[in-house]
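Read the figures in this text as sums done on the coordinates, not as results from a lab. Note that the coordinates shown come from a computational prediction; the quantities given were computed from them, not determined experimentally. Because the Cβ atoms are built from the backbone with ideal geometry, glycine has one as well, and the counts that use them run over all protein chains shown.
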Amino acid sequence: MMDMINSFLTDALKSDFFAGGLALGAFGIAVASFRVGIIALYKLVMRRVWVSLTLDNRSAAYRHFCIWMEHNNVLSKSRHVRMTDGRWASGTKGYAPAPGLHWFLSQGKICRLERDINEKSKIGNPHNQRPMETLHVTVLFGRVATILGWIEVGRQIAQTKDRIGPGLHILKGDYWDNVGDIPRRSMDTVVVDDDRVRRVLEDMRWFYSASQWYAERGVPWRRGYLFHGPTGTGKTSLIRALASELSLDIATLDVGRATLTDDDLREAMICAPKRALIAVEDVDAVFTQRTGGEKRTGVSFSGLLNAIDGVAAQEGSALIMTTNHKEKLDPALIRPGRADVHTELGLVNAKTARQLFDRFFPNEALLAEQFQERLGIQKSSPAEIQGWLLANSSDPSKAALAAGLLRDPGIMAAE
């Protein structure tokens, strides 16, 4: 058998056609191997000399990088742009680099930006959806820290550029969506009968400056707050006022959302925006009761507890829970370590209500006195008082009668 094969090869090699084909095939294999080697070497070199970072428009870093680009005019010479609605990156101009490849120089380094828009993949709520956008940033002979530094500069610019108040972040699916700023609110607008809101402010101010204190004692840098009281007493207003006073953002979680799972909640807490209060409003929506209660959401009670102070729980951000019904909350949820500071926001007396009247009508001292006397010993919610004053903002005399606030039948009959 081997003799037959050797004889065949000997005869074949005597053929110029066969020998030429064999040589050509060998040359093709050599060229292909060389090409594969060159490509592998190129990729290896590129991985050594280029650094890259990928951002998408679900993250705040995407917006901050875009603001940095605009602030430094890095794409001012780009000849390919795309017109937008003026909010392509929440704070940048009404045009953006077109999808595709762009080159620019920054700090003496050659940089490459590739923008991709996926029209089929939508993000945001059903009423305000936008396509998924991705930026691939690459720097020749650079470092990842360089790109992260550009993002940090953009974040600092965003904090001072046309900022009207705290930034609001809402959990959308599996990411935090920065939906913009909300108006700044003064602590003085949260009316209570004593100085309890000031005590909360000072406690939270201490917490955000106490990372070293916690580290020295070997305890997690966490602090929880529970705001409780009837509806309309200022729980949400206090969250906004605290964020405004401390220059923080607000990251709000809806634990009553049916599609929110334990894993989603844990990831959301871990990845919450830095320098933000985490607000869980109406936390009693998780369960009507702990024992035998009806499950209303995809979040379990144990999942909520683990998200707050489990092994992988976030650190460095204050957690605020609110409820209208503190008595419905399980003691395990509001014990120290999960809710360290409990603050009741209740109905306010006539003297405190007068402060709101003075704010609406600053030059009506006599009417303010009448307003306080009419309320007498009655207590009302700040929302009720504000609603009445708003309804009669053009008629201070009528506002001073407090007719829409009085619940005493005797007073109502005497009018």
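Couple of notes before you dig in:
- Distances between every pair of Cα atoms in the stretch 127-214, grouped in 5 Å steps from 0 to the bin holding the largest one, split as 3, 9, 10, 13, 18, 18, 11, 9, 5, 3, 1, 0, 0 percent.
- Treating r as the C-beta distance of Ile39 and Ser78 and R0 as 35 Å, the FRET efficiency rounds to 0.75.
- For the stretch 240-266, the residues whose backbone nitrogen is under 12 Å from a point 7 Å from the Cα of Val179, taken along Cα to Cβ, are 251-254.
- Separation between Cα centres of the stretch 318-375 and the stretch 211-235, rounded to whole Å: 19
- Neighbour counts of other Cβ atoms within 10 Å put Phe227, Phe360 in the fewest-to-most order Phe360, Phe227.
- Relative exposure of Arg359, Arg266, judged by other C-beta atoms within 10 Å (fewest first): Arg359, Arg266
- Converting phi to 3J(HN,Hα) with the Karplus coefficients 6.51, -1.76 and 1.60 and the offset θ = phi - 60°, the stretch 107-117 yields 6, x, 10, 7, 10, 10, 10, 10, 10, 10, 10 Hz in sequence order, with x at every glycine or proline.
- Taking the stretch 187-344 and dividing mean pair separation by its residue count, relative contact order in percent (alpha carbons under 8 Å, at least six apart): 34
- Sequence-distant contacts, meaning Cα pairs under 8 Å at least 6 residues apart, place the relative contact order of the stretch 96-209 at 14 percent.
- Contact order relative to length of the stretch 350-414, as percent, for alpha carbon pairs under 8 angstrom and 6 or more apart: 35
- Estimated at 0.36 nm per residue, the fully extended path between Ile270 and Arg257 surpasses their Cα-Cα distance by 2.8 nm.
- With a simple spin-label model that places each label point 7 Å from the Cα along the Cα-to-Cβ direction, the separation between Val31 and Ser397 comes to 10.2 nm.
- Ranked list, fewest to most other Cβ atoms within 10 Å of each Cβ, for Met321, Met204, Met269: Met204, Met269, Met321
- Reach of Lys398 by Cα under 15 Å, taken over aspartates and glutamates that are not fewer than 8 positions away in the same chain: Asp358, Glu364, Glu369, Glu373, Glu415
- Along its principal axes, the stretch 299-405 has C-alpha extents of 59, 27, 21 angstrom, given from the largest down.
- In this calculation the C-beta distance from Asp195 to Glu315 is compared with R0 = 35 Å, giving a FRET efficiency of 0.75.
- When each of Lys172/Lys274; Lys328/Lys351; Lys326/Lys379; Lys120/Lys172; Lys235/Lys379; Lys235/Lys351 is checked by Cα-Cα distance, pairs over 25 Å: Lys328/Lys351
- Note on the stretch 350-414: Cα-only Rg and Dmax are 10.5, 31 Å.
- Directionally averaged projected area (convex hull, Cα atoms, the stretch 300-354), nm²: 5.3
- Given R0 = 45 Å, the distance between the Cβ atoms of Gln212 and Ile117 translates into a calculated FRET efficiency of 0.50.
- Cα gyration tensor shape for the stretch 187-344, rounded if a/c is under 1.5, else prolate or oblate: oblate
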